[in-house]
């Protein structure tokens, strides 16, 4: 079938298998070009099919020759209907890994559930014995709690008062003001339940209880802070409370891992175009300005550049891992440079529908959004007939 993007809001309903495969290959080639990493050898990535999780799996495999198990929740293809992008990403990754002689298997299902945790533990026992790195990179709008059965839904809202600021519709380029109503009722608690650290801790508790964590094992979860421009809706909003909980959980996990000399970290990463970030008002405008400045300065990074640097320059240097005063690894350091943020603050006041094409990088934003789903990728023939029925070779 000929596959074209079908976009609804901040979601693309289709994905292109060849485009996703090329994206994965580009990331693999980048990691290879940066040389070997003296890193992990047996890796579990929870949330492994897109974004930072996918880049973590690629960096582990093709930077450190690691065996990897990926857990994700993706839609398989059906005749005449494409799979989700994460399905095609995983299929491409595992094809490349197997051709390189690397172990790579995966489990598709709800990582919040006891069933998927148990299935993953059994696979580790059977195939790898123990894990020396656990990456936790889940992003989900809701979670069915495995103990209570309660369905928690996360929200992106400010806390305390209405938040009003500029945003951009990245499809049309129209800049406008938007007002977001504050959190109410159980919004904060529900968002923490979905996006906080409880599930991360559950995974580590189960892995440790089953003796599946190797001596000196490391676990890393991903977070974001961002600038003062976005803090009311992000870091000081409901999602920020969840990130606070996630970061506090890292210390709790680290205490539990002391007896095996294990470590737990939160890595604060750069703002990037993702399905999640595209849904957050104000963030697309901020990212458009950020991209323009960082590209001009020659310091722009995507997911794979961020994660390769995290592994090679932070986690696996052979020296003590450097953290900030709150124990977090900071690979958002280039984004948060004073000169970069000063330029964004100045441009923010100038941003209008008319000025944004010149002062921002809306074209780069749109391209990155389409790339998420395998579209607008260089070297891919989008007029060609393509088989949507792609299988994942290592799916358990």
Scan segment 204-211 and give yes if some residue there is within 25 Å of the chain's Cα centre (by Cα), surrounded by 15 or more Cβ atoms within 10 Å (Cβ to Cβ), assigned to a helix (DSSP H, G or I) and without any contact (Cβ under 8 Å) to a residue 24 or more places away in the chain, otherwise no.
no
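Quick grid of which residues meet (1) more than 22 Å from residue 374 (Cβ to Cβ); (2) in a loop (DSSP other than H, G, I, E, B); (3) modelled with pLDDT under 95; (4) touching a helix residue (DSSP H, G or I) at 6+ places or on another chain (Cβ under 9 Å):
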site: 83; (1), (2), (3), (4): no, yes, no, yes
site: 90; (1), (2), (3), (4): no, no, no, yes
site: 96; (1), (2), (3), (4): no, no, no, yes
site: 101; (1), (2), (3), (4): yes, yes, no, no
site: 110; (1), (2), (3), (4): yes, yes, no, yes
site: 122; (1), (2), (3), (4): yes, no, no, no
Among the residues of segment 289-303, are any in contact with a strand residue (DSSP E or B) (Cβ under 9 Å, 6 or more places away or on another chain) and surrounded by 19 or more Cβ atoms within 10 Å (Cβ to Cβ)?
no
Residue check: is residue 51 surrounded by fewer than 21 Cβ atoms within 10 Å (Cβ to Cβ), out of contact with any strand residue (DSSP E or B) (no Cβ under 7 Å at 6 or more places or on another chain) and within 28 Å of residue 11 (Cβ to Cβ)?
no
Scan segment 335-342 and give yes if some residue there is surrounded by 17 or more Cβ atoms within 10 Å (Cβ to Cβ), under 20 Å from the mean Cα position of the chain (by Cα), more than 26 Å from residue 182 (Cα to Cα) and touching a residue at least 60 places away in the same chain (Cβ under 8 Å), otherwise no.
yes
Of all residues being more than 15 Å from residue 243 (Cα to Cα) and surrounded by fewer than 24 Cβ atoms within 10 Å (Cβ to Cβ) in segment 263-277, which is modelled with the lowest pLDDT? Just the residue, please.
275
Does segment 39-69 hold any residues that are touching a helix residue (DSSP H, G or I) at 6+ places or on another chain (Cβ under 7 Å) and part of a loop (DSSP other than H, G, I, E, B), and which are they?
39, 40, 41, 47, 48, 49, 50, 66
Every listed condition ((1) touching a residue at least 60 places away in the same chain (Cβ under 8 Å); (2) closer than 21 Å to residue 374 by Cβ; (3) over 18 Å from the mean Cα position of the chain (by Cα)) holds for residue 23 save (3)
Give just the number: which of (1) under 19 Å from residue 229 (Cα atoms); (2) surrounded by 18 or more Cβ atoms within 10 Å (Cβ to Cβ); (3) at pLDDT 95 or above does residue 374 not satisfy?
(1)
Looking only at helices (runs of 4 or more DSSP H) that fall completely inside segment 231-324, which ones have 3 or more residues that are within 30 Å of residue 211 (Cα to Cα)?
238-256, 303-310
Picking from 384, 345, 351, the residue that is in contact (Cβ under 8 Å) with a residue 60 or more places away in the chain and crowded, with 16+ Cβ neighbours inside 10 Å would be 351
Please find, among 250, 183, 242, the residue that is within 30 Å of residue 362 (Cα to Cα), surrounded by 21 or more Cβ atoms within 10 Å (Cβ to Cβ) and within 25 Å of the chain's Cα centre (by Cα).
242
Segment 354-363, residues that are farther than 13 Å from residue 171 by Cβ, under 26 Å from the mean Cα position of the chain (by Cα) and surrounded by fewer than 18 Cβ atoms within 10 Å (Cβ to Cβ):
none
How many of the residues making up segment 214-238 are closer than 17 Å to residue 56 by Cβ and more than 20 Å from the chain's Cα centre (by Cα)?
1
In a strand (DSSP E or B) and either touching a helix residue (DSSP H, G or I) at 6+ places or on another chain (Cβ under 7 Å) or surrounded by fewer than 19 Cβ atoms within 10 Å (Cβ to Cβ) (or both): does that describe residue 177?
yes
Report, by residue number, each residue of segment 4-27 that is crowded, with 21+ Cβ neighbours inside 10 Å and either closer than 16 Å to residue 91 by Cα or modelled with pLDDT of 95 or more (or both).
15, 16, 17, 19, 20, 21, 23, 24, 27
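The values are calculated or read from the model by the stated rules, or taken from the named source; none is laboratory data. Please read all numbers here as calculations on a predicted model, not as lab measurements. Note that each Cβ is placed from the backbone with ideal geometry, even for glycine, and that neighbours are counted across all protein chains shown.
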